[in-house]
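Please read the structure below before turning to the comments.
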Amino acid sequence: MYSVRQLAVVDRPAFRELRQIAVTLNPDDFVVTAAEQRAIPRLSIEDALEGVDDRNLFVGAFVGEPATLVAIAGLITSGLSKIRHAGHLTSVFVHPAHRRRGIGRMLVERLLAQAANAGMESVRLEVVADNLHAISLYESLGFVRYGCEPAAYRVDERAWDLLLMTRDCRK
């Protein structure tokens, strides 16, 4: 029913549209607000759509004909020699109409396999501490908590803590 593939430049409009839905529906889970994202002509993470790179990519889940992008997840890796051994999982989002079907798990598993194939030693992520469903998914995939950044996000008097998680890719 769902097809999964690496996203490319041609997917940029659908990617941007789904990211806008993500930051609108789940504003607590993203560092950028919906208004800020609309004002940014090109997100820095969009570089991962520019070409074939086994260390910087987004994957997406599609459904229907014509195919509609309903979920995304990204793996971003620095080119700096001292930190290129660790990838960063980012922008995991499944449209609410398609949740609880294993799509998020499928996308993250694909990125973890990609990270291992690319020779990465670990994959790290940050997740809002209140996002219990995401934390449960990440823990079930072998991620462990290694820290917490208190009040990492703040708007006026409201603050959100971020859990820092990592997973060894060599296992």
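Observations on the structure shown:
- Between Ala113 and Arg38, the FRET efficiency from the beta-carbon distance, with R0 = 25 Å, is close to 0.15.
- Within a Gaussian network of the chain (alpha carbon springs, distance under 10 Å), most fluctuating of Gly64, Gly104, Gly74: Gly64
- Working note: 222 nm ellipticity from helices only, DSSP H runs with n ≥ 4, each -39,500 (n - 2.57), summed and divided by the residues of the chain, gives -8000 deg cm²/dmol to the nearest 500.
- Relative packing of 148-156, 112-120, which averages over residues the other C-beta atoms within 10 Å, highest first: 112-120, 148-156
- GluC sites (Glu not before Pro) within region 90-171: DSSP coil, no more than 15 neighbouring Cβ in 10 Å: Glu121, Glu157
- Region 1-93: trypsin sites (Lys or Arg not before Pro) falling in loop per DSSP and having at most 11 other Cβ within 10 Å: Arg42, Lys82
- Arg5 paired with Val155, simple spin-label distance in nm, labels 7 Å along Cα-to-beta-carbon: 3.5 nm
- A Cβ-based charge dipole, computed about the Cα centre of region 54-163 with Lys and Arg at +1 and Asp and Glu at -1, lands at about 240 debye.
- Segment Glu121-Thr68, length gained on full extension (0.36 nm per residue, minus Cα span): 15.8 nm
- Under Karplus coefficients 6.51, -1.76 and 1.60, residue-wise ³J(HN,Hα) of region 137-152 in Hz, glycine/proline x: 4, 4, 5, 5, 9, x, 6, 10, 7, 10, x, 9, 9, x, 6, 5
- Most mobile of Pro96, Pro66, Pro13 in a GNM of the chain (Cα contacts under 10 Å): Pro66
- Gained length - Glu139 relative to Val31, 0.36 nm times residue gap less alpha-carbon distance: 36.7 nm
- For Cα extents along the principal axes in Å, calculated from these coordinates, the label among [x] 43, 41, 32; [y] 37, 37, 32; [z] 51, 34, 33: [x]
Coordinate-derived values only; no laboratory data. All of these numbers come straight from a predicted model, not from anything done at the bench. Heads up, the Cβs are rebuilt from the backbone with ideal geometry, glycines too, and the neighbour counts pull from every protein chain shown.
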